[in-house]
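Okay, structure first, notes after.
The values are calculated or read from the model by the stated rules, or taken from the named source; none is laboratory data. The model shown is predicted, which means the values in this text are computed figures rather than measured ones. Cβ: placed from backbone, ideal geometry, glycine included. Neighbour counts: every protein chain shown. Surface areas here come from the heavy atoms of the whole protein model, side chains and all, with no ligands, DNA or RNA. Shrake-Rupley method; radii C 1.70, N 1.55, O 1.52, S 1.80 Å.
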Amino acid sequence: MKNMPQLMKKFLTLSILLFLGVTVYSQQAPKLSFNVAKRLANPELSQKPIALLLKGDPIRIKEIVLQQGGVFKYSKGNISSVMVPMHAITALANESGISRIEEGAPLLKPLLDDTMRYLNNIMPVHNGNLPLTKSYTGKNIVMGIIDTGIDFTHPDFRDSLGQTRIKYIWDHLLPDSANTPLPYNYGQEFTESDINNGLANAHHDQGVHGTVISGIAAGNGLAVGEYVGAAPDAELIIVNVNFNVSDDQFLSSVADGVDYIYNKAAAMGLPCVINISAGTYFGSHDGKDLSSQLIDNLITAQNGRSLVCAAGNAGGYPLHVQTTLNTGDTLFTWLNSPTQIYGEFWGDSLTMNNISFTIVADRTNPLYEYRGQLPYTNMSQQLGVLHEDTLFSINGNRLGIITSYGDKIGDQYGMYYVIDQDSLYNWRMQVTGTGSIDGYSFNWVPTASIPTSVIFPPVDYYRFPDNAQNMCSGFQCSDKTITVAQFTNMNSYHDYNNVIQTFPYTVGALHPTSSKGPTRDGRQKPDIAASGAYIFGPLIVTSQPWFKVNAPYKIPPTAQHLRGDGTSAASAVVSGVVALYLEKYPFASWLDIKNAVTTCAKTDAFTGTNLPDADWGFGKVDAFSMLTNCGLTSINHYEPGNSYIYCSPNPASGQVEFSFPVLKVAGQLIITDSQGRLVGSSLLSEGSDHFVLSRAKQLTSGIYFLKIISANETIAIGKLLYQ
């Protein structure tokens, strides 16, 4: 996040007056996100196109976008991905049928790592151990990787004949050309044939991250006969997004990448799992932003799709602070930085309506001393308004410029602050009233630096940052994705010079950098944990000489792989495991897959049994158990919404109602346990659309599978968690 100050400064170009508020677009619930409002307020960017996500009627959105000279890329549900000139934002914002406008390319940050098949119980699956009847290696499954790119020349991504295993590469960084993919209209696309015929040389991994992660997920180990990935026979589709802090970031979109990969997989007629080992630590932390909603829609559009993502590597970092106010409270937390200061604050609209905000400057040297503050404002004054206020001290000296913006996504409020200081101060984010908010910043003052109340009496009202809720935000917080924490994979190895490198961590224990849940709105995350630190993945071939000389401690004796650590590697492991599961159950839904990952997780002395929790999720991924104990019991192809059995409540502990509203044929409802054993059944008459199961003694705590059979065919399925 060190680039955040530079990113913010380019937006601060408006004239500054004392306590002046600059209105960009204001309404009861603002349509514009903070980043869109900043872009709109910057004259330097007014001639440059912007990628947007719009919520509303896709037909009307397409009409307006084309009228304004923009490009309508695609839509899923009521969310559309478009590219428009900046002047089109006004027309879009004034359209009553459009309820939300967000940037289409959130800035992401790579999160590097690696894995081992043994600790995640992948080897028995590769070997086809009983009761499996064959080996599973990800054959005929698409592994999509959205990351920094890939070294397609590395032997781990080629077959035994030297042909590439990569079906497509979409490089967002390359200029538009004849091979720019439609309907996205940016970057360049390379096919399997292009790679094999030497026509893809314009593509490079912009770091080393994407190559390492791709190998952990799906490398075949041909380079040196080891370091095999989790799904070594999977087909690869690679999308490298733009990680640079520049205007071009608005031309790249993770959601575009998800749509691209799923569309390619569908055209190939293959199931698909996508791995995203990247993220941003800022945002609402509830998965309700438009990018997350669009990705949700893409995941659930058809069966045979899953998306796995890294939780983040901020486990030991006090990124989060929660402030709860009672009547009469005035509470604060300090931020400081030698450069620009940035913080976001989110909460439920019902509680934030009663909170007022201000920024206060305190001198710390030679004494702690109050210097000045802005007037209090509330959310009704901030919504949709980009304020740029100059703060003066009690002596009339200018202290800095504070930019603020109030946002609303659904029933959640967000407040953004950017502080450009003239001198170094501790800056209070101070609130009063009643309610609760969650703040996120990398600029909180360290706890060890907080003085006692004897030195500075207001410290009695201080709220300290904590290590909770420090996962990446956005799709990582969605219920539709599988979010992965990491445990230590190994703590020693021989490096290139045959020197033993050691690390002070216990193999199998939660790695201290693994980010923690839950989501800001209290839902369970992460979902699962897997091997992360330390693992070897493929190293870019042309980088190998440099590492031999300058960083031999990061590479093994064979020098063709690179050490990594973090939840990025753990996410890649789980992505590979999901590919194995899809090979056995190609028509599984996203929920089937996620339930298999969580229900068949393993526990040990490190995880404990009080799960799920904010560290481990449901435990450690167990590939062999997923394929042998969490099967789907003879499920035919079905589509969510029209052949699914809904359970209410779910989870349940007493009476349960099963509903299947669109099925009107006679049949038999069958209930089996997670190992396929018959638990109960009932005949359904013609026209039945529900069935009530009273508290059944035969149902003990566990997962149960439901299916309706008619004319010897499974026509609907469901899943019930009974507690």
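What FRET efficiency, computed as 1/(1 + (r/R0)^6) with R0 = 41 Å and r the Cβ-Cβ distance, is obtained for D159 and D479, rounded to the nearest 0.05? Don't jump to the answer; show the numbers that get you there.
On the way: r = 37 Å, r/R0 = 0.91.
The pair D159/D479 has a calculated efficiency of 0.65.
Need one number: nm distance between label points at I500 and T280, each 7 Å from Cα along Cα→Cβ, rounded to one decimal.
4.5 nm
Summing Lys, Arg as +1 and Asp, Glu as -1, what charge do residues with Cβ under 13 Å from the Cβ of S75 carry, S75 excluded? Kindly include the intermediate steps, with their values, before the conclusion.
Working: positive: K55, R60, K62, K73, K76; negative: D57, E63, D256, D259.
Result for the neighbourhood of S75: +1.
Hey, can you find the accessible area per residue of the chain for me, probe 1.4 Å, expressed in square angstrom?
Working: 26660 Å² over 723 residues.
I get 37 Å² per residue for the chain.
Once you list every other residue whose beta carbon is under 10 Å from the beta carbon of G210, what net charge do they have if Lys and Arg are +1 and Asp and Glu are -1?
Details: positive: none; negative: D147, D151, D205.
Its environment carries a net charge of -3.
Using alpha carbons only, how many angstrom separate the centre of the stretch 200-246 from the centre of the stretch 440-504?
Centre-to-centre distance over Cα atoms comes out at 27 Å.
Under a Cβ-only charge scheme (Lys and Arg +1, Asp and Glu -1), can you give me the dipole magnitude of the chain about the Cα centre, in debye to the nearest 20? Display every interim value, and only then the final one.
Numbers: 47 positive and 59 negative charges, 105 e Å.
Rounded to the nearest 20 debye, it is 500 debye.
Using R₀ = 35 Å, calculate the FRET efficiency as 1/(1 + (r/R₀)^6) where r is the Cβ-Cβ separation of S492 and N129; round to 0.05.
Working: r = 29 Å, r/R0 = 0.81.
Plugging the Cβ-Cβ distance into 1/(1 + (r/R0)^6) gives 0.75.
Please list, in chain and number order, the residues 5+ apart from F392 or on another chain whose amide H is under 5 Å from its amide H, with Hs placed from the backbone.
It is L399, by chain and number.
Tabulate in residue order the Karplus-calculated ³J(HN,Hα) for the stretch 620-629, using 6.51 cos²θ - 1.76 cosθ + 1.60 with θ = phi - 60°, rounded to whole Hz; enter x for Gly and Pro.
Rounded to whole hertz, the list is 9, 4, 9, 4, 5, 5, 4, 7, 10, 10.
Pull up all non-local amide H partners of H561: gap of 5 or more, or a different chain, and H-to-H distance under 5 Å with H placed in the peptide plane.
Those qualifying (amide H under 5 Å, at least 5 residues apart or on another chain) are L539.
Hey, can you grab everything whose amide H is under 5 Å from the amide H of I409? Only 5+ residues off in sequence or another chain; H modelled, so Pro and N-termini drop out.
G414
Based on the alpha-carbon gyration tensor of the stretch 159-211 and its eigenvalue square roots a ≥ b ≥ c, which shape applies: rounded if a/c is under 1.5, prolate if not and a/b is larger than b/c, or oblate?
Details: a/c = 2.23, a/b = 1.43, b/c = 1.55.
In terms of gyration-tensor shape, oblate.
Between V454 and I59, what is the label-point separation in nm under the 7 Å Cα-to-beta-carbon projection?
Once both label points are built, they end up 7.4 nm from each other.
At 1.4 Å probe size, with the rest of the protein present, what percent of the exposed accessible area of the chain is carbon and sulfur atoms?
Numbers: 13730 of 26660 Å².
That fraction is 52 percent.
Under 11 Å from the Cβ of D411, count the other residues' Cβ atoms, weight Lys and Arg +1, Asp and Glu -1, and hand me the total.
-1
Given a Förster distance of 56 Å, report the FRET efficiency between K548 and N365 from their Cβ-Cβ distance, rounded to the nearest 0.05. Could the numbers behind the result be given before it?
Working: r = 48 Å, r/R0 = 0.85.
So the FRET efficiency works out to roughly 0.75.
When the helices in the chain are scored as -39500 (n - 2.57) per DSSP H run of 4 or longer and the sum is shared across all residues, what 222 nm value do you end up with, to the nearest 500 deg cm²/dmol?
On the way: 15 runs with 125 residues, N = 723.
Helix-only estimate at 222 nm: -4500 deg cm²/dmol.
Cβ neighbours within 10 Å, averaged per peptide: list 74-80, 455-461 in order, most packed at the top. Don't skip to the end; give the middle numbers.
Details: 74-80: 20.7, 455-461: 13.6.
With the highest mean Cβ count within 10 Å placed first, the list reads 74-80, 455-461.
Just subtract the alpha-carbon distance of T324 and L350 from 0.36 nm times their residue separation and send over the number in nm, one decimal. All intermediate terms of the calculation are to be shown ahead of the outcome.
Details: separation 26, 0.36 × 26 = 9.36 nm, distance 1.34 nm.
So the extension gain works out to 8.0 nm.
In the chain, with Lys and Arg counted as +1 and Asp and Glu as -1 at Cβ, which of these residues, F72, P504, C600, has the Cα nearest the positive end of the dipole, that is, farthest along it?
Checking the options against the dipole of the chain, the answer is C600.
Taking the convex hull of the alpha carbon atoms in the stretch 400-523, what volume per residue do you get, in Å³? Could the numbers behind the result be given before it?
Working: hull volume 28.0 nm³, N = 124.
Taking only Cα atoms, the stretch 400-523 has a hull volume of 226 Å³ per residue.
What are the ³J(HN,Hα) values, in whole Hz, obtained from phi via the Karplus relation 6.51 cos²θ - 1.76 cosθ + 1.60 with θ = phi - 60°, for each residue of the stretch 555-568 in sequence order, with x given for Gly and Pro?
For the stretch 555-568, the Karplus curve yields 10, x, x, 6, 6, 9, 9, 10, 6, x, 7, x, 6, 4 Hz.
Return the subset of K76/K288; K31/K525; K134/K480; K584/K719; K264/K584 for which the Cα-Cα distance in this structure is over 24 Å, preserving the input order.
On the way: K76/K288 15 Å; K31/K525 28 Å; K134/K480 30 Å; K584/K719 18 Å; K264/K584 21 Å.
From the list (K76/K288; K31/K525; K134/K480; K584/K719; K264/K584), the Cα-Cα distance tops 24 Å for K31/K525; K134/K480.
DSSP beta bridges in the chain, what fraction antiparallel, as a percent rounded to 5? Walk me through the numbers before you get to the answer.
Details: 122 of 158 bridges.
Among the beta bridges of the chain, antiparallel pairing accounts for roughly 75 percent.
So between N94 and Q668, what do we pick up on full extension, going 0.36 nm a residue minus the alpha carbon distance?
Details: separation 574, 0.36 × 574 = 206.64 nm, distance 5.30 nm.
Once the chain is fully extended between N94 and Q668, it gains 201.3 nm.
If packing is taken as the mean number of other Cβ atoms within 10 Å per residue, what is the order of 494-500, 161-167, 231-237, 53-59, highest first? Please list the in-between numbers first.
Numbers: 494-500: 11.9, 161-167: 16.3, 231-237: 25.7, 53-59: 20.7.
Highest mean packing first, the order is 231-237, 53-59, 161-167, 494-500.
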